[in-house]
Amino acid sequence: VQLQASGGGLVQPGGSLRLSCAASKSIRSINVMTWYRQAPGKQRELVASIGSSGSTGYADFAKDRFTISRDGAKNTVYLQMNSLKPEDTANYYCKAFVNSSNYWGQGTQVTVSS
């Protein structure tokens, strides 16, 4: 499975971004799609996940601000991020878990700064 993340950029505090993760195969066959992020000098952390059934999960910092969703027709998973804060600055990665294996995308940089 190949994953292509996009949608990152520079945004002011309080702004919004929508990240996309396009998969090379049907996301209906992928057990779980997950967004992670990693800030400089910090460990990678889970942001949000969505299962093949549509069930979702969020890190505490993402609840009420971020929404993960998917479009089966486009084989794409999205991460809508609202009310962004400077501490959300990080490289955001998507991961697919399928057939007991993990596949990672290349990451997209999100910078929140005035």
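The values are calculated or read from the model by the stated rules, or taken from the named source; none is laboratory data. Keep in mind the model is a prediction, meaning the values are calculated, not measured. Cβ coordinates were reconstructed from backbone atoms using ideal geometry, including for glycine residues, and neighbour counts include every protein chain displayed. Accessible surface areas use protein heavy atoms only, side chains included; no ligands, DNA or RNA. Shrake-Rupley method; radii C 1.70, N 1.55, O 1.52, S 1.80 Å.
The largest accessible area among Asp64, Asp88 belongs to the first residue in Asp64, Asp88, and the rest follow in falling order (1.4 Å probe, all chains).
With a 1.4 Å probe and all protein chains left in place, how much accessible area per residue does the chain have, in Å²? Display every interim value, and only then the final one.
Details: 5860 Å² over 114 residues.
Normalised by residue count, the accessible surface of the chain is 51 Å².
Between Lys85 and Ser55, the simple spin-label model (points 7 angstrom out along Cα→Cβ) gives 2.8 nm.
Taking the square root of 5 times each eigenvalue of the Cα gyration tensor, what semi-axes in Å does the equivalent ellipsoid of segment 1-109 have, largest first?
Values: eigenvalues 97, 39, 33 Å².
So the equivalent ellipsoid measures 22, 14, 13 Å along its semi-axes.
Under the simplified labelling scheme, the Lys25-Ser100 pair shows an inter-label distance of 1.5 nm, with each label point 7 Å from Cα along Cα→Cβ.
Just want to confirm a number: the relative contact order over the chain, from Cα pairs under 8 angstrom separated by 6+ residues, in percent.
Values: 288 pairs, mean separation 43.0, N = 114.
The normalised contact order for the chain reaches 38 percent.
Of the heavy-atom accessible surface of the chain (probe 1.4 angstrom), what whole percent is carbon and sulfur?
Details: 2530 of 5860 Å².
Answer for the chain: carbon and sulfur cover 43 percent of the accessible area.
The label-point distance for Lys42 and Gln2, in a model that sets each label 7 Å from Cα toward Cβ, rounds to 3.1 nm. Taken about its Cα centre, segment 20-114 carries a charge dipole of roughly 220 debye when the Cβ of each Lys and Arg holds +1 and the Cβ of each Asp and Glu holds -1. Think of the chain as a dipole: +1 on every Lys or Arg Cβ, -1 on every Asp or Glu Cβ, centred on the Cα centre; then among Asn75, Val47, Cys94, Asn75 lies furthest on the positive end. Close amide-amide hydrogen proximity is noted between Thr89 and Val112, each under 5 Å apart and 5 or more residues distant or on a separate chain (H modeled in the peptide plane; Pro and chain starts excluded).
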